[in-house]
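A.B. asks: Sharing a structure here in structure tokens format.
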Amino acid sequence: GCIYCGVLLDAAYLMRNRIFVSLLMCSCAFVTFSAFVHSPSVDECAHLAAGLSHHELGSFDLYAVNPPLVRLWATLPITFMQPVTDWSGYTCRSDLRPEFGFGRRLVALNGERTGTLISTARLSCLPFFAFGAIYCYRLAIRNGNNAAVAAGGLWLTSPLVLGFSAVITPDVASTAFGILATDSIARWSYSYSVRDCCYMAFCVSVAVLTKFTWIVVIPILLVLSVCLSRLRPGTAKITGHGLIVMAVFGIVANVLYACTDIFVRLDQIHFVSDTYSVPADALSSSRRNTFSDQFVGQIRLPISAKIIEGVDIQKRDFERGFRSYLIGKWKDGGWWYYYIIGFLVKEPIGFQLMLYVSILTGLLNWKQWTKESIRGWSLIVAPPLLIFGLVSSQTGFNHHMRYVLPAYPFLFIIAARTVTLGIFWKWFSYACLTWQAAAVLWFAPHWMSYFNEAAGGPKNGHKWLVDSNIDWGQDILMLKWWQEKHPEAAPLNAAMFTMFDPKDIGLKFKLPAPFVKGQPEVVTKDGLRGPQPGWYAVSVCMLKGMHFSVPEGDGEWSASTGNFTYFLDNFKPVEMIGYSIYIYHITEDDAARVQEKLLAEEAEFLKREGEKANVEAVK
């Protein structure tokens with residue numbers, strides 16, 4: 001309620017700037033439209049089920065890797081719609097990630113009504129999008145009105161921001177509250193008053209409780225702000241204010257978690273990461289808490305243990321690693337430069353040009369920087385450096401550019417500085433903003449799949465990145481509408497990247513015949529292998545060979561380990577659903593021709609493998 005009142009007051013203050021307000025209203029309309037036309041993405045079903053479990057069961061075991069603030073808010077209106085839920089088999093083991101199973105069950109129980117539920121939850125998160133735009137404007141206003149409009153405009157026309165503002169993941173909310181927290185830190189560092197400290201502590205707590213990324217970033221920003229402050233507060237004052245921050249965070253966190261699992265001993269928490277646990281013994285898969293034999297393990301935590309468990313599970317996932325994709329290659333683990341390349345290929349060129357011009361002019365004119373300007377810009381420049389550095393250091397897996405989204409508002413403010421560099425750069429910036437707005441309109445509402453012109457656009461995005469960067473199951477609802485308009489495309493064969501069964505929302509399909517080179521045992525239930533005549537819908541992640549479970553259309557699921565890559569290599573799509581699902585129509589002649597080609601390639605492949613085996617045997 002306080003957040004919404006703040007948004008309304010800020011909006012009333014900004015009504016004087018008609019350009020910004022008009023752009024804000026148009027962008028909110030775009031996000032609203034996107035919320036209704038896109039199906040639940042891979043993580044959303046789990047978030048929806050987890051949020052409902054918080055309300056109905058009063059527990060916070062599901063989706064512990066993210067704090068529950070956004071889920072609680074998004075699913076609050078859903079509780080009044082009385083969705084059908086079934087919590088049988090519920091487990092308190094957050095490390096087993098049971099939320100995805102409950103998310104799949106939730107869709108199955110509610111069927112086509114799931115669309116209404118997910119759209120309602122998405123609309124609940126719309127104020128986070130507006131709040132982020134308003135704070136981009138407010139933080140950039142110190143550089144002038146034109147810079148404020150440019151910064152707000154970059155937020156409102158960012159494909160990444162628009163794409164994830166229409167889902168119930170915590171990324172955009174975390175980004176918006178991260179700006180608020182950073183601004184409150186700057187405000188505190190100029191006064192060191194108790195009032196500003198309490199305000200800062202609350203803002204920081206809210207940011208951390210939207211996403212755990214801020215647990216690492218915010219303490220560094222606090223230290224930086226103290227080091228660069230004009231004032232020189234004493235050790236006693238800093239210590240006192242630090243205790244206030246910890247006390248406020250503890251209160252806010254415990255209220256959010258409904259005071260569950262507080263005062264739990266550290267050695268009683270079920271840790272699963274290598275950092276905080278070790279194998280119990282050589283023959284067991286169970287793990288032992290590393291604090292179990294230490295004095296520190298007897299400490300009782302004043303905050304919910306679910307926070308500690310969530311951070312630990314996230315750490316376990318990065319330690320374990322997953323298969324990742326970048327520029328046409330799959331490998332176990334990730335790359336330290338993944339997010340840099342992702343930024344270059346996914347962000348609009350206009351925004352990048354403004355950003356690079358601003359950075360270069362700032363570096364070239366370094367002699368003009370004063371102590372005051374360094375203080376003012378330090379908390380704008382530091383967050384994106386810290387966020388990109390933090391996520392790039394976690395190379396266990398690379399799947400999502402949304403992980404660096406909290407850095408974007410600060411980059412928008414830096415880029416907006418280009419407007420203030422002179423008449424030429426002012427009009428240059430306006431041209432870049434117009435270019436970005438035109439790209440957003442052209443590809444609407446498929447912003448999640450956006451790639452810039454240098455990368456070849458969304459149609460060539462799969463050559464660079466996959467997963468939530470282009471295909472996160474968001475276009476399955478559009479595929480259903482396409483099927484209803486094309487009765488000639490029956491029966492439809494579909495291989496979807498999703499965490500719910502599309503048959504539950506009305507899509508009629510069966511799984512295509514697989515073909516994995518060198519694995520002739522991989523066939524359908526009918527014994528079919530390779531291309532068959534008919535109509536096909538295959539999502540981009542399946543085309544690129546992602547290892548994932550796929551629905552078969554009859555309630556069953558099967559594992560896909562690159563089973564459907566032969567479509568992308570041998571057939572041309574006749575249509576696309578958004579930019580994440582390719583439609584193919586294969587004739588009997590095409591099927592026979594490609595089948596012969598694939599078998600010939602497989603025979604050559606097996607021959608080479610046999611020769612290698614013989615050489616190894618001789619050695």
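The values are calculated or read from the model by the stated rules, or taken from the named source; none is laboratory data. The structure presented is a predicted model; accordingly, all values stated were derived computationally and were not measured. Neighbour counts run over all protein chains shown; Cβ positions are idealised from the backbone, glycine included. What goes into the accessible areas is simple: the full protein's heavy atoms, side chains included, and nothing from ligands, DNA or RNA. Shrake-Rupley method; radii C 1.70, N 1.55, O 1.52, S 1.80 Å.
A.B. asks: Assuming 0.36 nm per residue, please report the length gained on full extension of the stretch ILE340 to GLU616 beyond their Cα-Cα distance.
C.D. replies: Stretched out fully, the ILE340 to GLU616 stretch lengthens by 95.3 nm.
A.B. asks: Evaluate 2.2 N^0.38 Å with N set to the residue count of the chain, then give the Cα radius of gyration divided by it.
C.D. replies: The value comes to 1.02.
A.B. asks: Provide the per residue accessible area, probe 1.4 Å, for the chain, rounded to a whole number of square angstrom.
C.D. replies: 43
A.B. asks: Moving to a separate point now. Amide H neighbours of SER558 under 5 Å, counting only residues 5+ apart in sequence or on other chains, H built in-plane at 1.01 Å?
C.D. replies: Answer set, sorted by chain and number: VAL550, GLU552.
A.B. asks: Could you list log10 I(q)/I(0) for the range 539-594 at q = 0.14, 0.25, 0.26, 0.30 Å⁻¹, which the Debye formula gives when each Cα is one point scatterer?
C.D. replies: -0.43, -1.09, -1.11, -1.15
A.B. asks: Could I ask something else about it? Assuming R0 = 56 Å, what is the FRET efficiency of ILE251 and ASP569, from their Cβ-Cβ distance, to the nearest 0.05?
C.D. replies: 0.45
A.B. asks: How large is the charge dipole for the chain, taken about the Cα centre, if only the Cβ atoms of Lys, Arg (+1) and Asp, Glu (-1) carry charge, to the nearest 20 debye?
C.D. replies: Result for the chain is approximately 2360 debye, rounded to the nearest 20.
A.B. asks: Further question on the same structure: Using alpha carbons only, how many angstrom separate the centre of the range 279-340 from the centre of the range 534-594?
C.D. replies: The range 279-340 and the range 534-594 have Cα centres separated by 34 Å.
A.B. asks: Can you give the FRET efficiency to the nearest 0.05 for PHE263 and TRP442, using r as the Cβ-Cβ distance and R₀ = 41 Å?
C.D. replies: Once rounded, the FRET efficiency stands at 0.15.
A.B. asks: Which whole-Hz ³J(HN,Hα) couplings does the range 96-109 yield from phi under the Karplus relation 6.51 cos²θ - 1.76 cosθ + 1.60, θ = phi - 60°, glycine and proline marked x?
C.D. replies: Result, rounded to whole Hz: 7, 6, x, 4, 6, x, 5, x, 5, 5, 4, 5, 4, 6.
A.B. asks: Within the range 363-519, how many Lys pairs sit with Cα atoms under 28 Å apart, leaving out pairs fewer than 8 places apart on the same chain?
C.D. replies: The result is 17.
A.B. asks: At what distance in nm do the modelled label points of THR395 and ASN146 sit from each other, each positioned 7 Å from its Cα along Cα→Cβ?
C.D. replies: Label-label distance for THR395 and ASN146, simple model: 4.4 nm.
A.B. asks: Please report, largest first and rounded to whole Å, the three semi-axes of the ellipsoid equivalent to the range 115-192, where each semi-axis is the square root of five times an eigenvalue of the C-alpha gyration tensor.
C.D. replies: The equivalent ellipsoid of the range 115-192 has semi-axes of 26, 16, 8 Å.
A.B. asks: Further question: When the Karplus curve 6.51 cos²θ - 1.76 cosθ + 1.60 is applied with θ = phi - 60°, which whole-Hz ³J(HN,Hα) does each residue of the range 164-173 get, with x for Gly and Pro?
C.D. replies: Per residue, the Karplus-derived 3J(HN,Hα) values read 9, 7, 9, 10, 9, 6, x, 4, 5, 4 Hz.
A.B. asks: Taking a ≥ b ≥ c as the square roots of the eigenvalues of the Cα gyration tensor of the range 214-345, is the shape rounded (a/c under 1.5), prolate (a/b larger than b/c) or oblate?
C.D. replies: It comes out oblate by the Cα gyration axes.
A.B. asks: For the chain, with the dipole built from +1 on Lys and Arg beta-carbon atoms and -1 on Asp and Glu ones, taken about the Cα centre, which of PHE100, SER59, ILE218 lies farthest toward the positive end?
C.D. replies: Final value for the positive-end residue is ILE218.
A.B. asks: Let me ask something else about it. At q = 0.10, 0.18 Å⁻¹, what is the log10 ratio I(q)/I(0) for the range 22-160, with the Debye formula run over Cα points and no solvent?
C.D. replies: -0.41, -0.96
A.B. asks: Moving on to the next point. Amide H of SER277 versus every other amide H placed in the peptide plane: which residues, excluding those fewer than 5 positions away on the same chain, fall under 5 Å?
C.D. replies: THR290
A.B. asks: Right, another one. Treat the range 17-61 as a sphere of radius equal to its Kirkwood radius over Cα pairs and apply Stokes-Einstein at 25 °C in a medium of 0.890 mPa s; give the translational diffusion coefficient in µm²/s, rounded to a whole number.
C.D. replies: Answer, rounded: 188 µm²/s.
A.B. asks: Over the chain, what percent of the accessible surface lies on carbon and sulfur atoms, probe 1.4 Å?
C.D. replies: Carbon and sulfur together cover 63 percent of it.
A.B. asks: I would also like to ask the following. Amide H neighbours of GLU575 under 5 Å, at least 5 residues apart or on other chains, H built in the peptide plane: list them.
C.D. replies: Long-range HN contacts for GLU575: ILE583.
A.B. asks: I need the fraction of alpha carbon pairs in the range 280-439 separated by more than 27 Å, rounded to a whole percent.
C.D. replies: The share of Cα pairs beyond 27 Å in the range 280-439 comes to 48 percent.
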